[in-house]
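These notes concern the structure reproduced below.
The values are calculated or read from the model by the stated rules, or taken from the named source; none is laboratory data. Quantities reported herein were computed from a predicted structural model and do not represent experimental measurements. Cβ atoms come from the backbone with ideal geometry, glycine included; neighbour counts cover every protein chain shown.
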């Protein structure tokens, strides 16, 4: 059975340690910490996220390693593919979702991650960009041009638009919630996630954790709001393999 944890913000903090443990239950191997989405921000920022991730897992007594997955060349590295083969879980932290999708799209690493998620042997955790990259389109957080903010994503769930940081996006850009909501795929669902909040599930059955809410928008209306302890259903159909980024 597939296992996912999608965090709206607040990765590598104590509030999601129990979530990490639940994903690792019944799986063997380390957690792979990937700070790929932050790579465009420079070495100091990238290494800061790596260090925070490794410290988080060490403090929880969970084995973790951080392969250097920063570029598309890295995403074709057989050594990292081998690490994915031996892992129990991958965790992609925040940064630019569009950049993360460009690195992973059509790569041997992403294909192997998808295959192992599908057979249930590898859990997927992501926060912010690590969640938003799974949609198609996704956000290019490096652009200030509203006409270019949407960029190709991985399309792992093609009918789902993920929107992390939901409770604060209006403070960044007034009108952002309406702008994002309008981009919900036709017939699809917007899944908006507050900061320090997560949805955890298998692709169809979900539970909500943390201090905020998860909100669903479908067919032009807000149809559900879920809080900590709520269990709910939303079947997220999988897309096909993502072609390599151009």
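Results for (1) crowded, with 23+ Cβ neighbours inside 10 Å; (2) modelled with pLDDT of 95 or more; (3) closer than 24 Å to residue 101 by Cα; (4) in contact with a helix residue (DSSP H, G or I) (Cβ under 8 Å, 6 or more places away or on another chain), shown as yes or no for each residue.
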residue: 9; (1), (2), (3), (4): no, yes, yes, no
residue: 21; (1), (2), (3), (4): no, yes, no, no
residue: 30; (1), (2), (3), (4): no, yes, yes, yes
residue: 33; (1), (2), (3), (4): yes, yes, yes, yes
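Out of all the residues in the stretch 173-189, is one or more touching a residue at least 12 places away in the same chain (Cβ under 8 Å), assigned to a helix (DSSP H, G or I), at negative phi and crowded, with 20+ Cβ neighbours inside 10 Å? Yes, the stretch 173-189 has at least one match. Under the condition of being closer than 27 Å to residue 152 by Cα and out of contact with any helix residue (DSSP H, G or I) (no Cβ under 6 Å at 6 or more places or on another chain), the residues counted in the stretch 206-223 number 11.
So if I check each of 176, 183, which one is over 19 Å from the mean Cα position of the chain (by Cα) and at pLDDT below 95?
176
Of the residues making up the stretch 62-79, those that are within 28 Å of residue 18 (Cβ to Cβ) and surrounded by fewer than 24 Cβ atoms within 10 Å (Cβ to Cβ) are 62, 63, 64, 65, 66, 67. Number of residues in the stretch 53-72 that are closer than 19 Å to residue 10 by Cβ and over 17 Å from the mean Cα position of the chain (by Cα) equals 9. Before we move on, is residue 88 touching a residue at least 24 places away in the same chain (Cβ under 8 Å), closer than 24 Å to residue 151 by Cα, under 18 Å from the mean Cα position of the chain (by Cα) and crowded, with 20+ Cβ neighbours inside 10 Å? For residue 88, the condition - touching a residue at least 24 places away in the same chain (Cβ under 8 Å), closer than 24 Å to residue 151 by Cα, under 18 Å from the mean Cα position of the chain (by Cα) and crowded, with 20+ Cβ neighbours inside 10 Å - is not met. If the condition is being surrounded by 14 or more Cβ atoms within 10 Å (Cβ to Cβ) and either closer than 24 Å to residue 121 by Cα or without any contact (Cβ under 8 Å) to a residue 40 or more places away in the chain (or both), then the stretch 46-58 contributes 46, 48, 50, 51, 53, 54, 56, 57. When each of 23, 69, 32 is tested for being in a helix (DSSP H, G or I) and in contact (Cβ under 8 Å) with a residue 24 or more places away in the chain, the lone residue that passes is 23. The lone criterion from (1) out of contact with any strand residue (DSSP E or B) (no Cβ under 7 Å at 6 or more places or on another chain); (2) part of a helix (DSSP H, G or I); (3) closer than 19 Å to residue 132 by Cβ left unmet by residue 81 is number (3). The set of residues from the stretch 215-227 being in contact (Cβ under 8 Å) with a residue 24 or more places away in the chain and closer than 15 Å to residue 6 by Cα comprises 215, 216, 226.
Residues in the stretch 121-152 that are more than 9 Å from residue 98 (Cβ to Cβ) and surrounded by fewer than 19 Cβ atoms within 10 Å (Cβ to Cβ): 121, 144, 145, 146, 147, 148. In the set (1) under 22 Å from residue 13 (Cα atoms); (2) surrounded by fewer than 17 Cβ atoms within 10 Å (Cβ to Cβ); (3) under 18 Å from the mean Cα position of the chain (by Cα), residue 205 fails one condition alone, (1).
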